[in-house]
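S.K.: First, the structure itself, so that you have it in front of you.
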Amino acid sequence: MATMRMREALNEALREEMERDESVFLMGEDIAVFEGAFKVTQGLMDQFGERRVRDTPISENTIVGTGVGAAMAGLRPVVELMTVNFSLLAFDQIINHAAAIPYMFNGQVRVPLVIRMPGGGGHQLGPTHSHSFEAMFLQIPGILVACPSTAADGKGLLKTAIRDDNPVIFVEHETLYGIRGEVPEDDHVVEFGSAAVRREGSDVTIVGILKMAHEAERAAETLAAEHGVEAEVIDPRTLRPLDLDTILDSVRKTNRAVIVEEGWPHGGVGANLAALIQEQAFDHLDAPIQRVTGADVPMPYSKRLEQSAIPHPEHIVSAVLETTSGALP
Amino acid sequence: MPRLSDSMEEGTVLAWMKAVGDEVAVGDELVEIETDKANMVYESDVAGTLVEILAEEGATLPIGSVIARVGDPSEATAGDGNGGPPRTEAEPEAPAEAPAEDAAGGAGGEEGVTDEAAAAPRRSGERIKASPIARRVAADRGLDLAGLTGSGPGGRIIKADVERAGEAAPAQAAEPAAPAPAAAAERPETARGSIETVELTRLQQTVSRRMAESKATAPHFYLTTEIDMSRAVEARARIKAAASEGDVVPSVNDMVVKACAIALREFPRANGSYRDGHVEEHSRVNVGIAVAARDALVVPTVFDADEKGLRQIAAESRGLAERVREGTITPPELSGGTFTVSNLGMFGITSFSAVINPPQAAILAVGSIEDVPVVRDGEIVPGRRMAVNLACDHRILYGADGARFLARVRDLLEEPVFLAL
């Protein structure tokens, strides 16, 4: 077990998979010589050469399209987009091609492509660099969506993503690159569709993704210390496939659910999950499901406004107390 | 939900015979409904297109509820406007953008949870706000949500409220109100041995409800007398001797029915009902006869018994009893009674008291005819006596009223020639 940062864990995953499988190669803007905007690809060009670690022009749709073609031809490309916002330029390749091709060709052609992209706010990068689009990708059939919140999951999920035969959107959170955590050595793999229960509790289920998994844990500590509320915190780790069973089991125990995400409220991850929970565990609910989301605005640039648009632990505490109102002494 | 019988309070939709979009003419069979008394086919009393079915098959609804709409198909989406089933309204949820709003408020801190939980008394008929699991736990434990105070937001009843109520009244929990076969299976052996829960049929439920309601709300008092039946029995023997093959011979009970009918015509109060704080006196004298059916008790009616001869009463009561046994009796034949006669004489019961069939004023309980020694002119001679007991609703009949009525019935049966007048 080694302690490392998220960016180092991701780097290790890429390195190990490239060593293990020659068909794995990397493409993206400034990933080779500059070693990536967030230094995830540090040292990889030196180790594997320019052929397998390729700098590209600023041309997202083409980068992803090249990845789709390479994947169809039998390689396992890992494409980096500099932020999730730039992935919008590649939506044609992602939705019309990467996601659809395996269906269009009845599975005769697979697209084992990984598209990595950092998202989320907190670094004052403004509305064109800071959004959270997990919900948009979640909506697309044919695409898997991974959202690691810890260094160990970053490594384990990225290795699984590279080995999976489906196109995977791999969302990294900009403020989590520096987070430290213990990462199992050797070939550490985290299965898709397996949620992690970060904290056990009996009073309310809090589901949080990416950075919000950490905020949920902080809120849970406050709830226990100041309000006598024991929250169970669940990090789904992948949104598609989703480990709904773990979430439903928890809700059946606690009778309450709060879902936290940094993305927008309408049609969000929380909106979707709230629908699934009420469809499948309606009789177990003791209060309306609460969502804590980012503000319904483009991400502001001003530091104060940006912080105001992102959920914080106190918002989660409020939402939880809304669900437990009257239920606890 | 149409009222298909006098005592009907709710009905169950068994089957729709028309589908949405079908043309419906007056008199068309529209829907089959199970009432407290029988299964009835309801014929449409309006013409048009069946625009909407609001009560699915199997749904049980109180009378007056809208179960379907027949009209102009272009009005399909217009509001019904007159008291359909209450539509649940979405409760205002906390806004999804809560964090933004909180934060935009400047504080960015924790918003105090508003305490609207203060328990306001619910008005009757108001929708009970309860969380899904609170409803489920209440159903499992046989607790009535209507009696609980909600401590959740807006007075919502939550699981903790139900659990507190369950702890406070464990005795109630032992007897689930709702049928719960699964729970019954888990019940441990008691000193009374194992328990087999027998569900009541709809008819039995109606009988229990109405009998309990009668005893609880109608102040009963009882008058007992003995009737010298020697002449009546003699008269019946002569009628029987004179009857030709196939003639219906009136029974003693038919004579009792006839005697009551004559007396009821003379004592309108005894033929009345108590409803909503006043007495209703009825123009027709309709005598109900309690008939034991399989697993049930029904009271078919001899209408206008005061105007019918003994033989007709006899023929009708045979037919009614037959149809009760066959299960082909219809609600109209079971409705409209203004008085009831209950006779257990055939079981050798000498006397008993009965429960008034609400909203009627009285019920006559008739025992068997017994050969007894009687004292006449200072000498003990053989006599034939029948004990009768009149249960009266004191809100309608007072002691002297009931006594005069019962005396009149006795006089008529002791001089049966009057029954022929």
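The values are calculated or read from the model by the stated rules, or taken from the named source; none is laboratory data. Computed from a predicted model, the values in this text were never measured in an experiment. In this analysis, Cβ positions are derived from the backbone assuming ideal geometry, glycine residues included, and neighbour counts consider all displayed protein chains. Surface areas here come from the heavy atoms of the whole protein model, side chains and all, with no ligands, DNA or RNA. Shrake-Rupley method; radii C 1.70, N 1.55, O 1.52, S 1.80 Å.
S.K.: Among the residues of the stretch B:337-379, what is the count of those that are more than 30 Å from B:Ala216 (Cβ to Cβ) and in contact with a Pro (Cβ under 9 Å, 6 or more places away or on another chain)?
M.R.: Total satisfying the criteria: 4.
S.K.: Working only within the stretch A:177-212, note down all residues that are free of Cβ contacts under 8 Å to residues at least 60 places away in the same chain, in a loop (DSSP other than H, G, I, E, B) and open to solvent by 50 Å² or more (accessible area, probe 1.4 Å).
M.R.: Result: A:Asp186, A:Val189, A:Glu191, A:Glu200, A:Ser202.
S.K.: Can you tell which of A:Glu35, A:Glu16, A:Glu50 is open to solvent by 20 Å² or more (accessible area, probe 1.4 Å), under 18 Å from A:Glu172 (Cβ atoms) and either without any contact (Cβ under 8 Å) to a residue 24 or more places away in the chain or not assigned by TED's automatic domain parsing to the domain that holds A:Met82 (or both)?
M.R.: Working: A:Glu16 fails: either without any contact (Cβ under 8 Å) to a residue 24 or more places away in the chain or not assigned by TED's automatic domain parsing to the domain that holds A:Met82 (or both); A:Glu50 fails: under 18 Å from A:Glu172 (Cβ atoms).
Exactly one of A:Glu35, A:Glu16, A:Glu50 is open to solvent by 20 Å² or more (accessible area, probe 1.4 Å), under 18 Å from A:Glu172 (Cβ atoms) and either without any contact (Cβ under 8 Å) to a residue 24 or more places away in the chain or not assigned by TED's automatic domain parsing to the domain that holds A:Met82 (or both), namely A:Glu35.
S.K.: What number goes with the only condition from (1) surrounded by 16 or more Cβ atoms within 10 Å (Cβ to Cβ); (2) touching a residue at least 60 places away in the same chain (Cβ under 8 Å); (3) within 16 Å of B:Val388 (Cα to Cα) that B:Ser353 does not pass?
M.R.: Single failed check for B:Ser353: (1).
S.K.: Here's a follow-up. Before we move on, is A:Asn61 surrounded by fewer than 19 Cβ atoms within 10 Å (Cβ to Cβ), touching a Leu at 6+ places or on another chain (Cβ under 6 Å) and more than 25 Å from A:Val190 (Cα to Cα)? Outline the logic, then answer.
M.R.: Details: surrounded by fewer than 19 Cβ atoms within 10 Å (Cβ to Cβ): yes; touching a Leu at 6+ places or on another chain (Cβ under 6 Å): yes; more than 25 Å from A:Val190 (Cα to Cα): yes.
When the stated conditions are applied, A:Asn61 passes them.
S.K.: I would also like to ask the following. Against the condition more than 10 Å from chain B (Cβ to nearest Cβ) and open to solvent by less than 30 Å² (accessible area, probe 1.4 Å), how does A:Glu230 come out, does it pass?
M.R.: Judged against the criteria, A:Glu230 is not a match.
S.K.: Sticking with this one: Any idea which of (1) surrounded by fewer than 24 Cβ atoms within 10 Å (Cβ to Cβ); (2) touching a strand residue (DSSP E or B) at 6+ places or on another chain (Cβ under 9 Å); (3) closer than 26 Å to A:His129 by Cβ; (4) more than 7 Å from chain B (Cβ to nearest Cβ) is the one A:His266 doesn't satisfy?
M.R.: (2)
S.K.: Have a look at B:Leu344, B:Leu364, B:Leu310, B:Leu334 and point out the one that is closer than 18 Å to B:Leu203 by Cβ and either of a type in the set (S, T, N, Q) or in contact (Cβ under 8 Å) with a residue 12 or more places away in the chain (or both). It would help to see each step written out before you state the result.
M.R.: Working: B:Leu344 fails: closer than 18 Å to B:Leu203 by Cβ; B:Leu364 fails: closer than 18 Å to B:Leu203 by Cβ; B:Leu310 fails: closer than 18 Å to B:Leu203 by Cβ.
Of the residues listed, the single one that is closer than 18 Å to B:Leu203 by Cβ and either of a type in the set (S, T, N, Q) or in contact (Cβ under 8 Å) with a residue 12 or more places away in the chain (or both) is B:Leu334.
S.K.: Only one residue in B:Gly288, B:Gly319 is small (Gly, Ala, Ser), outside any helix (DSSP H, G or I) and either under 16 Å from B:Val409 (Cβ atoms) or open to solvent by less than 40 Å² (accessible area, probe 1.4 Å) (or both). Which one? Explain how you work it out, then say what you get.
M.R.: Working: B:Gly319 fails: outside any helix (DSSP H, G or I).
Answer to the selection: B:Gly288.
S.K.: Does A:Gly120 satisfy the condition of being crowded, with 24+ Cβ neighbours inside 10 Å and within 26 Å of A:Leu276 (Cβ to Cβ)? Write out each step before concluding.
M.R.: Details: crowded, with 24+ Cβ neighbours inside 10 Å: yes; within 26 Å of A:Leu276 (Cβ to Cβ): yes.
So A:Gly120 passes the test.
S.K.: So, one more: Can you find a residue in the stretch A:269-283 that is at the interface with chain B (Cβ under 7 Å from one of its Cβ atoms) and farther than 24 Å from A:Thr222 by Cα?
M.R.: Here is the first cut: in the stretch A:269-283, the ones at the interface with chain B (Cβ under 7 Å from one of its Cβ atoms) are A:282-283.
In the following step, the residues that additionally are farther than 24 Å from A:Thr222 by Cα were identified as A:282-283.
Yes: one or more hits.
S.K.: Across the stretch B:196-205, what is the number of residues that are part of a loop (DSSP other than H, G, I, E, B) and either open to solvent by less than 90 Å² (accessible area, probe 1.4 Å) or of a type in the set (Lys, Arg) (or both)? Step through it out loud before you land on a result.
M.R.: In the first step, residues of the stretch B:196-205 are kept if they are part of a loop (DSSP other than H, G, I, E, B); the result is B:196-201.
This time we only want the ones that are either open to solvent by less than 90 Å² (accessible area, probe 1.4 Å) or of a type in the set (Lys, Arg) (or both), so: B:197, B:200-201.
Of the residues in the stretch B:196-205, 3 are part of a loop (DSSP other than H, G, I, E, B) and either open to solvent by less than 90 Å² (accessible area, probe 1.4 Å) or of a type in the set (Lys, Arg) (or both).
S.K.: How about the stretch B:222-271: which of its residues are in contact with a Gly (Cβ under 7 Å, 6 or more places away or on another chain) and not aliphatic (A, V, I, L, M)? Break it down stepwise before answering.
M.R.: Within the stretch B:222-271, the first condition is being in contact with a Gly (Cβ under 7 Å, 6 or more places away or on another chain), and the residues that meet it are B:223, B:228, B:230.
Of everything in the stretch B:222-271, those that are in contact with a Gly (Cβ under 7 Å, 6 or more places away or on another chain) and not aliphatic (A, V, I, L, M) turn out to be B:Asp228, B:Ser230.
S.K.: While we're looking at this one, here's another question. Which residues, taken from the stretch B:23-50, are in a loop (DSSP other than H, G, I, E, B) and either within 26 Å of the chain's Cα centre (by Cα) or over 20 Å from B:Gly64 (Cβ atoms) (or both)? Reasoning before the result, please.
M.R.: Quick first cut of the stretch B:23-50, residues in a loop (DSSP other than H, G, I, E, B) only: B:25-28, B:35-38, B:44-47.
Passing the criteria: B:Ala25, B:Val26, B:Gly27, B:Asp28, B:Thr35, B:Asp36, B:Lys37, B:Ala38, B:Ser44, B:Asp45, B:Ala47.
S.K.: Looking at (1) touching a Pro at 6+ places or on another chain (Cβ under 9 Å); (2) within 13 Å of chain B (Cβ to nearest Cβ); (3) open to solvent by less than 20 Å² (accessible area, probe 1.4 Å), which is the one condition that is false for A:Ile247?
M.R.: (2)
S.K.: B:Ala59 - would you say it is modelled with pLDDT under 85, among the aliphatic types (A, V, I, L, M) and open to solvent by 50 Å² or more (accessible area, probe 1.4 Å)? It would help to see each step written out before you state the result.
M.R.: Working: modelled with pLDDT under 85: yes; among the aliphatic types (A, V, I, L, M): yes; open to solvent by 50 Å² or more (accessible area, probe 1.4 Å): no.
Criteria not met by B:Ala59.
S.K.: I'd like the residue in the stretch A:285-302 that is open to solvent by 40 Å² or more (accessible area, probe 1.4 Å) and not basic (Lys, Arg) and, out of all such residues, is farthest from the other protein chains (Cβ to nearest Cβ).
M.R.: Of the residues in the stretch A:285-302, the ones open to solvent by 40 Å² or more (accessible area, probe 1.4 Å) are A:291, A:296-298, A:301-302.
Subsequent filtering for residues that are not basic (Lys, Arg) retains A:296-298, A:301-302.
Working: A:Asp296: 5, A:Val297: 7, A:Pro298: 12, A:Tyr301: 16, A:Ser302: 12 Å.
The residue in question is A:Tyr301.
S.K.: For the stretch B:1-10, what are the residues that are more than 12 Å from the chain's Cα centre (by Cα) and open to solvent by less than 60 Å² (accessible area, probe 1.4 Å)? I'd like the intermediate steps shown before the answer.
M.R.: If we filter the stretch B:1-10 for residues that are more than 12 Å from the chain's Cα centre (by Cα), which is where we start, we get B:1-4.
Selection gives B:Met1, B:Pro2, B:Leu4.
S.K.: With respect to B:Val248, is the statement that it is in the same structural domain as B:Val374 (by TED's automatic domain parsing) and either assigned to a helix (DSSP H, G or I) or surrounded by fewer than 16 Cβ atoms within 10 Å (Cβ to Cβ) (or both) true?
M.R.: Numbers: in the same structural domain as B:Val374 (by TED's automatic domain parsing): yes; either assigned to a helix (DSSP H, G or I) or surrounded by fewer than 16 Cβ atoms within 10 Å (Cβ to Cβ) (or both): no.
For B:Val248, the condition - in the same structural domain as B:Val374 (by TED's automatic domain parsing) and either assigned to a helix (DSSP H, G or I) or surrounded by fewer than 16 Cβ atoms within 10 Å (Cβ to Cβ) (or both) - is not met.
S.K.: If I ask for residues that are among the β-branched types (Val, Ile, Thr) and out of contact with any strand residue (DSSP E or B) (no Cβ under 8 Å at 6 or more places or on another chain), which ones from the stretch A:110-130 would you list?
M.R.: Residues of the stretch A:110-130 among the β-branched types (Val, Ile, Thr): A:111, A:114-115, A:128.
Scanning the stretch A:110-130 gives A:Val111, A:Thr128.
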